[in-house]
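The values are calculated or read from the model by the stated rules, or taken from the named source; none is laboratory data. Quick caveat, the model's predicted, so the values are computed rather than measured. No Cβ is skipped: glycine too gets one built from the backbone with ideal geometry, and neighbour counts run over all protein chains shown.
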There are 2 protein chains.
Amino acid sequence: MRLEDLRFFTRVAALGNLSAAGREFGLSPSAASSRLTSLERELAVQLFARTTRSLVLTEAGQVLLDHAGIALAQMDAAFEQLEAVNAAPSGVLRISSNMFFGRKHVLPHLGEFREFYPDLRIAIDCTDRIVDIIGEGYDMAIRGAPMPDSSLMARRLGSDQRVLCASPAYIERKGQPRSPSDLINHDCIGVEAMPIWYFDGPDGEIVHRVAYSIHGDSGDFSYDATLHGLGLSVKSISHVWEELRDGRLVSVMNDYPIARTGDICAVYPPGKYTSPKVSAFIDFLQSKYGRPPYWDTDYRISVPVSDLD
Amino acid sequence: MRLEDLRFFTRVAALGNLSAAGREFGLSPSAASSRLTSLERELAVQLFARTTRSLVLTEAGQVLLDHAGIALAQMDAAFEQLEAVNAAPSGVLRISSNMFFGRKHVLPHLGEFREFYPDLRIAIDCTDRIVDIIGEGYDMAIRGAPMPDSSLMARRLGSDQRVLCASPAYIERKGQPRSPSDLINHDCIGVEAMPIWYFDGPDGEIVHRVAYSIHGDSGDFSYDATLHGLGLSVKSISHVWEELRDGRLVSVMNDYPIARTGDICAVYPPGKYTSPKVSAFIDFLQSKYGRPPYWDTDYRISVPVSDLD
DNA sequence: AGGGACTTTCTCATATTTCGAATGATGATA
DNA sequence: TATCATCATTCGAAATATGAGAAAGTCCCT
C-alpha cells in the first residue's frame, strides 16, 4: 500500500468523484479505478458504495479516511522536516579532529562559520585517537590523511606537508642527519600509532622502521618533546609552521622529504546524499585552507640548515 | 513510497542490520538494500550512515523514524479497526423497507437478531418511497422485487406471491372478475407507482393497464381501501395472508395469477466486499423467511372462491 | 429522448521490483 | 595473526505491478 494511494483515496473521498481525483493525480480514469480497487482488495473492505456516476464512503471507508488523514499529516510533517534538514544546514554538526589541528586551525574559524549558519551548532571533539566516525555518530572528521582502505568518503581540504624537524639546540648537540640511515644515531620521537617513517629518496621511497627513543600518545606530546630538544620528530607543517618561521624548530634532511603525506582531509560517511551541514563546513574549510594554506610557508629556507651545520 | 517500505525502514533502524530486517520481511539482502536505497533516493536524504557491516541512523533518518513510527501506528490502528468492522457485525445497520413489511415482518424479528449481535444497532426507515440506497446512505433495503435495471445487488429472502384480492363485501356487491378483461367493470385500487398489472394467462402474459378508481401513495392505503370494500387491489401475500386466512379478504381470478412477482429481496450496494453486518442480517432474514415463509399459505383454498360466487 | 460524464473491464506496453550470484569489507574466532 | 562467517552492495535476468487507451454499461441532465 503506497502513501500516494492513501492520499488518492482521501481525495476521492473528498471529491466523491474518481475521475476528478484521478485528474488531480495525473491518472487516467482506468488507473484511478484500478488504484481504488486494489486498495479495497488489499484491505478486503468495501471503501465506497458506488453509483455508476459517483462514490459515497462506506463505514469502513470513513474509518480508513479518519486514520489515513492523521497518518498522512504525520508523514507530511516528516517530509517538511526532512526538507528543512536538507535545505539549510542546521541542527548539530559533530566533528572529530586531531587535538592540535582542531584547536589551532579549526576552532579559530568557527566563529566566522557560525555567522554564515547561525542555526547550526558545532560539537567538535579533539582527540588523536582514531575514532569510528560512523559508530560514534560523528558527521565528519578532519584527518591528516584518509584511511587507506576505508569505505569512508574523503575530500581534500588543502595541502599539509610533513617534515622531519628538531629544535636548534638538539641539532647543535647531536648534529644533523643527512640520510635516513643516519637516524639510527638519533633520538626519534613519535606516537605509538606511527612506527614507520617513509622518505622520498633520490632512488624512490625509503622505509625506516623507527625505534622511538621517546613516544607519547599524541601529536602534542611529540611537539612538546621536540621543542624541548629531546629529539627528531615528523610533524605536519600546519602544526609547526610558526616554530619553523621563528626558528624555534628547524626542518632537517630536506633532501629526503617525508613521503605519503601532503594533504589535510575531511572524512565523512559514504552515501549518495551528504548532509548539507557537512558539505557546508567542508566548503568553508576549503576556502580557509585553499591553495596555498596560510601555514604553507617554505620551511626549508626559513631557517637554512646550512647555517646550523 | 509504500507503507511496507516505511515499516521495513523502522525495522532496519531498530535492528541496525539490513539483512536481518530483510529476513523478517521475507526479502533477499539485495532486495532489502534496494528498498532502502530507493527510499533514500525518493527522499533525497541519507537515512543511514553505512558500514559494510551495519547501519547507523543519520539525523535525517531519526527524523523520519520518529514520524514514520507515529504514522504507522496510526495506520495499524486503522487496520485493526477495519478488521473489527469486518469481522463482527457492529456499528449501525441502516435499513430501508416498505412501510408494511418493515412493521409487520422485519420489526418482530429484530429482537432475536439483536440477541445474536448486541453490538449492532439497527436503524430502519419504513417508507413506500423508492429510496436511493447509496445516495441516502442505507446499508440495505428490503424490496418486494429488485429494480429491474439497477446496478444494485439483490438477494432473495423468500417467496412472496402477490394476489388480486378484495373484501367479501365487495365481491358480494360487484361480483367476481373471471379474467383481466373483466377488470374494466371493477374498481381498482393501487399506488401511483404501479399503473400496470401483469397476469399469467393460459396463453402467456397479459398486460392490463389499470385505471385506478382510487389510488393512494402507500401499500397501507390500498390495503385499508381494499379491506373497506372499495375495490380490487394487488397485494403481497406477506401483507394480507392473515386476512385471507380469516376470510376478511379473498383472492380472486385465481386462474390468472399475478405475474412478475414472487420474491421478497434484500438489495444492497454493489461491490466485491459486502459488509458483514449486511450479510449477517440477510442471512438472518433468510432463516426467517426461508422456504416456505410463514405467510405462504395457500390463499386459493383458504376461502374458496366458489363459496362466494 | 439524447448527449455527456462517470466507472469499470480488458489488453498491451512499460516500470518497477525481486532474486541469485559475485564482490568488497568487516568482526569474531582460533 | 590468519581464517571464516556475515554483511552490504552491484549487476543482469525474470517476475510482478502499474499505466494508458479503447470499449461497454450506467446514469444524470437538458
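Miscellaneous remarks
- Some residue of the stretch B:133-149 being part of a loop (DSSP other than H, G, I, E, B), within 30 Å of residue B:243 (Cα to Cα), among the β-branched types (Val, Ile, Thr) and touching a strand residue (DSSP E or B) at 6+ places or on another chain (Cβ under 8 Å): no
A quick yes/no check of all residues on (1) within 16 Å of DNA strand C (Cβ to nearest atom); (2) touching a residue at least 24 places away in the same chain (Cβ under 8 Å):
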residue: B:35; (1), (2): yes, yes
residue: B:58; (1), (2): no, no
residue: B:73; (1), (2): no, no
residue: B:89; (1), (2): no, yes
residue: B:96; (1), (2): no, yes
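- Failed item, numbered, when residue A:102 is tested on (1) in contact with an Asp or Glu (Cβ under 9 Å, 6 or more places away or on another chain); (2) farther than 25 Å from residue B:49 by Cα: (2)
- Hits in the stretch B:1-24 (condition: touching a residue at least 24 places away in the same chain (Cβ under 8 Å) and small (Gly, Ala, Ser)): B:13, B:16
- Flag if residue A:155 is buried (at least 18 other Cβ atoms within 10 Å of the Cβ) and within 13 Å of the chain's Cα centre (by Cα): yes
- Scanning the stretch A:88-109 for any residue that is at pLDDT 90 or above and exposed (fewer than 14 other Cβ atoms within 10 Å of the Cβ) turns up at least one such residue.
- Every condition in (1) modelled with pLDDT of 90 or more; (2) surrounded by 18 or more Cβ atoms within 10 Å (Cβ to Cβ) holds for residue A:55 except the one numbered (1).
- Residues within the stretch A:268-290 that are more than 14 Å from residue A:122 (Cβ to Cβ), within 10 Å of chain B (Cβ to nearest Cβ) and of a type in the set (Lys, Arg), tallied: 1
- Listed by position, the helices (runs of 4 or more DSSP H) enclosed by the stretch B:198-309 that each have at least 2 residues that are modelled with pLDDT of 85 or more and assigned by TED's automatic domain parsing to the domain that holds residue B:117 are B:276-289.
- The single condition among (1) away from chain B (no Cβ under 14 Å); (2) part of a strand (DSSP E or B) that residue A:176 does not satisfy is (2).
- Condition check for residue B:212: among the aromatic types (Phe, Trp, Tyr), touching a Gly at 6+ places or on another chain (Cβ under 6 Å) and buried (at least 16 other Cβ atoms within 10 Å of the Cβ): yes
- Scanning the stretch B:38-64 for residues being away from DNA strand D (no atom under 12 Å from the Cβ), at the interface with another protein chain (Cβ under 9 Å from one of its Cβ atoms) and under 48 Å from the mean Cα position of the chain (by Cα) gives a total of 3.
- Of the residues making up the stretch B:9-37, those that are within 13 Å of chain A (Cβ to nearest Cβ) and more than 10 Å from DNA strand D (Cβ to nearest atom) are B:9, B:10.
- Positions within the stretch A:1-28 being in contact with a helix residue (DSSP H, G or I) (Cβ under 8 Å, 6 or more places away or on another chain) and over 16 Å from residue A:66 (Cα atoms), in sequence order: A:1, A:2, A:18, A:19, A:21, A:22, A:24, A:25, A:27, A:28
- Qualifying residue in the stretch A:75-86 (condition: more than 30 Å from residue B:80 (Cβ to Cβ) and among the acidic types (Asp, Glu)): yes
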